[in-house]
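Let me begin by presenting the structure, written as structure tokens, before commenting on it.
The values are calculated or read from the model by the stated rules, or taken from the named source; none is laboratory data. Because the structure is a prediction, the values reported are computed rather than measured. Don't worry about glycine lacking a Cβ; one is built from the backbone with ideal geometry, like all the others, and counts go over all protein chains shown.
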Amino acid sequence: MSAPLPIVRTVAELRAAIAAKRQEGKTIGLVPTMGALHEGHLSLVRAAKQHCRFAVATLFVNPKQFAPHEDFDRYPRDEAGDATLLASAGCDLLYAPERAVMYPDGFATSVLVSSVSTMLEGQMRPHFFGGVATVVTKLLLQAMPDAAFFGEKDYQQLLVIKQLARDLDIPVEIVGCPTMREHDGLAMSSRNAYLSADERRVAARLNFVMHDAIKAVHAGAPVDAVEAEANRHLTAAGFTSVDYVAIRNADTLKPIASLTEPARILAAAWLGKTRLIDNMAV
Ligand code: AMP
């Protein structure tokens, strides 16, 4: 059993705890999460501990990144369970602020990243990246870590965060970490808990369809034909609907005509009321 994880809930407590560790000469790694933790989140904590001497996880279900019709109210919450998992992964401190700490009355600022946040997820969930960029900017400025760790699972989000840190001169290294998957290849996600047994079986098809699309495009098939075929395969496999399957430039997410530049395949599809996203290097 690991020792119970210290938890702080205010910016002042967070900064005091971090300042004390800096006095000891320790570097600080930050891992922002919305809780309902799984091995994907814990891999970020382990990466933070490898890069930095002191790992801080944050737990905040950020209302600003959910639209009114989305799953904010039913998003899974288990702070005690999360704290136990974090401690077992070597995390040193949990920052779990209340909503009023992050967004006190009168809060009026938002961070909007253009270009990379306007397509794909940005088109499907227009409020989403504004909410993410605002909360991540706040967390980075509250903690002022040496490095912050994010999953490639949310690839477009990772690009948005790299962009905002660069544009706003926030002195932090943004580190992207590989996607952790279940045995059948399904990307781990807190939202997988919503899936029925039947939906869970279909969900595993997402990564197979993406692998097939990667093979097809390497074999010379045109990008738009491969995207359309992958879309059809997902529907045939039992996905309720497909928001997008897109093969894009890996740095800008702009459309590409051929594999002459580094590329990434990204997909979002629905199983009943659950929306799954995934991506892979092409
Ligand atoms: P969330 O709690 O879903 O907002 O995710 C918090 C962080 O964990 C984000 O940086 C995610 O990209 C990352 N993450 C979520 N799922 C995975 C996964 N399967 N593998 C690696 N990182 C992940």
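Quick check on the range 109-147: of everything there that is of a type outside the set (Val, Ile, Thr), part of a loop (DSSP other than H, G, I, E, B) and more than 22 Å from residue 28 (Cβ to Cβ), which residue is nearest to the ligand (Cβ to nearest atom)? Lay out the reasoning, then the answer.
Kept after step one, since they are of a type outside the set (Val, Ile, Thr), are these residues of the range 109-147: 110, 112, 114-115, 117, 119-131, 133, 138-147.
Cutting the leftovers down to part of a loop (DSSP other than H, G, I, E, B) gives us 110, 112, 114, 119-120, 125-127, 144-146.
From the residues that got through so far, the ones that are more than 22 Å from residue 28 (Cβ to Cβ) too are 110, 112, 114, 119-120, 125-127.
Working: 110: 18, 112: 19, 114: 21, 119: 18, 120: 15, 125: 13, 126: 18, 127: 15 Å.
Within the range 109-147, the match that is nearest to the ligand (Cβ to nearest atom) is 125.
Which of (1) surrounded by 15 or more Cβ atoms within 10 Å (Cβ to Cβ); (2) among the charged types (D, E, K, R); (3) away from the ligand (no atom under 16 Å from the Cβ) is the odd one out, the single condition residue 24 does not satisfy?
Unmet condition: (1).
For the range 227-272, give me each residue that is within 24 Å of the chain's Cα centre (by Cα), of a type in the set (Lys, Arg) and not in a strand (DSSP E or B).
Within the range 227-272, just 254 meets the criteria.
Condition first: within 16 Å of the ligand (Cβ to nearest atom) and either closer than 21 Å to residue 159 by Cα or surrounded by 18 or more Cβ atoms within 10 Å (Cβ to Cβ) (or both). Now tell me which residues in the range 193-228 satisfy that. If you could, list the steps in order and put the result at the bottom.
Taking the range 193-228 first, the residues within 16 Å of the ligand (Cβ to nearest atom) are 193-195, 200, 203-204, 206-207, 210.
Residues satisfying the conditions are 194, 195, 203, 206, 207, 210.
Which pairs do you get when a residue that is without any contact (Cβ under 8 Å) to a residue 40 or more places away in the chain and over 24 Å from residue 22 (Cα atoms), found in the range 147-161, comes within reach of a residue that is more than 7 Å from the ligand (Cβ to nearest atom) and of a type outside the set (A, V, I, L, M), reach meaning Cβ atoms under 8 angstrom, with the pair 6+ apart or on two chains?
Correct list of pairs: 157/121; 157/129; 158/176.
Considering (1) more than 24 Å from residue 178 (Cβ to Cβ); (2) at pLDDT below 95, say which one residue 240 fails and leave the rest.
The failed condition is (2).
Within the bounds of the range 130-138, is there any residue that is of a type in the set (A, V, I, L, M, F, W, C) and either touching a Lys or Arg at 6+ places or on another chain (Cβ under 7 Å) or under 24 Å from residue 245 (Cβ atoms) (or both)?
Step one: list which residues in the range 130-138 are of a type in the set (A, V, I, L, M, F, W, C), which gives 132-133, 135-136.
Remaining after also requiring either touching a Lys or Arg at 6+ places or on another chain (Cβ under 7 Å) or under 24 Å from residue 245 (Cβ atoms) (or both): 132, 135.
Yes, the range 130-138 contains a residue that is of a type in the set (A, V, I, L, M, F, W, C) and either touching a Lys or Arg at 6+ places or on another chain (Cβ under 7 Å) or under 24 Å from residue 245 (Cβ atoms) (or both).
Tally up the residues in the range 202-221 that are part of a loop (DSSP other than H, G, I, E, B) and within 21 Å of the chain's Cα centre (by Cα), please. It would help to see each step written out before you state the result.
Taking the range 202-221 as the starting set, the residues that turn out to be part of a loop (DSSP other than H, G, I, E, B) are 204, 219-221.
Applying the additional criterion that residues be within 21 Å of the chain's Cα centre (by Cα) yields 204.
Final tally of qualifying residues: 1.
Among the residues that make up the range 139-150, is at least one of them surrounded by fewer than 15 Cβ atoms within 10 Å (Cβ to Cβ) and either modelled with pLDDT of 95 or more or not charged (D, E, K, R) (or both)? It would help to see each step written out before you state the result.
Within the range 139-150, the first condition is being surrounded by fewer than 15 Cβ atoms within 10 Å (Cβ to Cβ), and the residues that meet it are 141.
Next cut, either modelled with pLDDT of 95 or more or not charged (D, E, K, R) (or both) only: 141.
The answer is yes, given that some residue of the range 139-150 is surrounded by fewer than 15 Cβ atoms within 10 Å (Cβ to Cβ) and either modelled with pLDDT of 95 or more or not charged (D, E, K, R) (or both).
Among the residues of the range 148-180, which ones are outside any helix (DSSP H, G or I), within 21 Å of residue 95 (Cβ to Cβ) and within 13 Å of the ligand (Cβ to nearest atom)? I'd like the intermediate steps shown before the answer.
Keep residues of the range 148-180 that are outside any helix (DSSP H, G or I), which gives 148-151, 168-180.
Add one more test, that the residue is within 21 Å of residue 95 (Cβ to Cβ), and what stays is 148-151, 168, 170-175, 177.
Of everything in the range 148-180, those that are outside any helix (DSSP H, G or I), within 21 Å of residue 95 (Cβ to Cβ) and within 13 Å of the ligand (Cβ to nearest atom) turn out to be 148, 149, 150, 151, 174, 175, 177.
Which residue is surrounded by the most Cβ atoms within 10 Å (Cβ to Cβ), if the candidates are limited to the range 43-71 and must be outside any strand (DSSP E or B) and near the ligand (Cβ under 9 Å from one of its atoms)?
44
Just a yes or no: is a residue in the range 111-123 modelled with pLDDT of 95 or more, under 22 Å from residue 193 (Cβ atoms) and not hydroxyl-bearing (Ser, Thr, Tyr)?
yes
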